[in-house]
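Worksheet for the structure shown next.
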Amino acid sequence: GTDFESIYGKPVIFSNFVKRLWCGSPAKAIFVDRLLSEMRHSREIWNYINGTSVPNLDEKLLLSTKKIVVPTNGVLESFEQIARAIYNKLYSQHAQTLTSLRDTLLPRLISGKLRLSEAENTIAEAIA
C-alpha cells in the first residue's frame, strides 16, 4: 500500500466522507479546506449530504450551488503562509506526543489508577 504520510508530509485519516477535490494550487486547497471545515462546524454541510445509512457528500451539488468569493492569489498566498505555520504546530511531533500522553494518562488519572506525581514524571520523560 501507499504510505500517505510520506506523500502528504502529515498524518492522513480516512473515512467514508472523504472526497478529493482538485483546487489548482496549495493556497486554494488550504482555503477550500478551511471553508469546508467551517461548513461542517456550522452544520451547513448537511445541505449537501445524501444517503441515510452512509452519509455521503454530494460534491456535484456543492460545486454547482455553493457561492463563494475566492480571494486574490496574493491574499490566498498570505493566508497559506499563516495556515501552514498553524498546521505545522498542530501536526508537529511534540503536539502528537502531548496528545498521545493526554489520551493515555487522563483516563488513568480520573479513575485513580495513576497519581498526579507519576503522570508528571511520565510527561517530563516523554518531552525531554
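With θ taken as phi - 60° and the Karplus curve 6.51 cos²θ - 1.76 cosθ + 1.60 applied, the whole-hertz 3J(HN,Hα) list for segment 44-56 is 4, 4, 5, 5, 10, 9, 10, x, 10, 6, 10, x, 9 Hz, x standing for glycine and proline. Backbone amide hydrogens, once placed in the peptide plane, bring I49 within less than 5 Å of D58, excluding anything fewer than 5 places away on its chain. For the chain, the per residue solvent-accessible surface stands at 79 Å², with DNA, RNA and ligands left out and a 1.4 Å probe. Estimated at 0.36 nm per residue, the fully extended path between L21 and I49 surpasses their Cα-Cα distance by 8.5 nm. Measuring nothing but protein heavy atoms, the accessible surface of the chain at 1.4 Å probe radius is 56 percent carbon and sulfur. With respect to the chain, whose longest principal axis is taken over its alpha-carbon atoms, helix 73-90 is tilted by about 20°.
Of the labelled figures (i) 2, 9, 20, 24, 23, 16, 5, 1; (ii) 2, 8, 13, 16, 14, 14, 12, 10, 7, 4, 2, 0; (iii) 2, 13, 23, 22, 19, 12, 6, 2, 0, only one reflects P(r) over Cα pairs in 5 Å bins from 0, in percent as derived from the coordinates, namely (ii).
The values are calculated or read from the model by the stated rules, or taken from the named source; none is laboratory data. Nothing here was measured: the structure is a model prediction, and the numbers come from that model. Heads up: the accessible areas ignore ligands, DNA and RNA and are worked out on the full protein's heavy atoms, side chains in. Shrake-Rupley method; radii C 1.70, N 1.55, O 1.52, S 1.80 Å.
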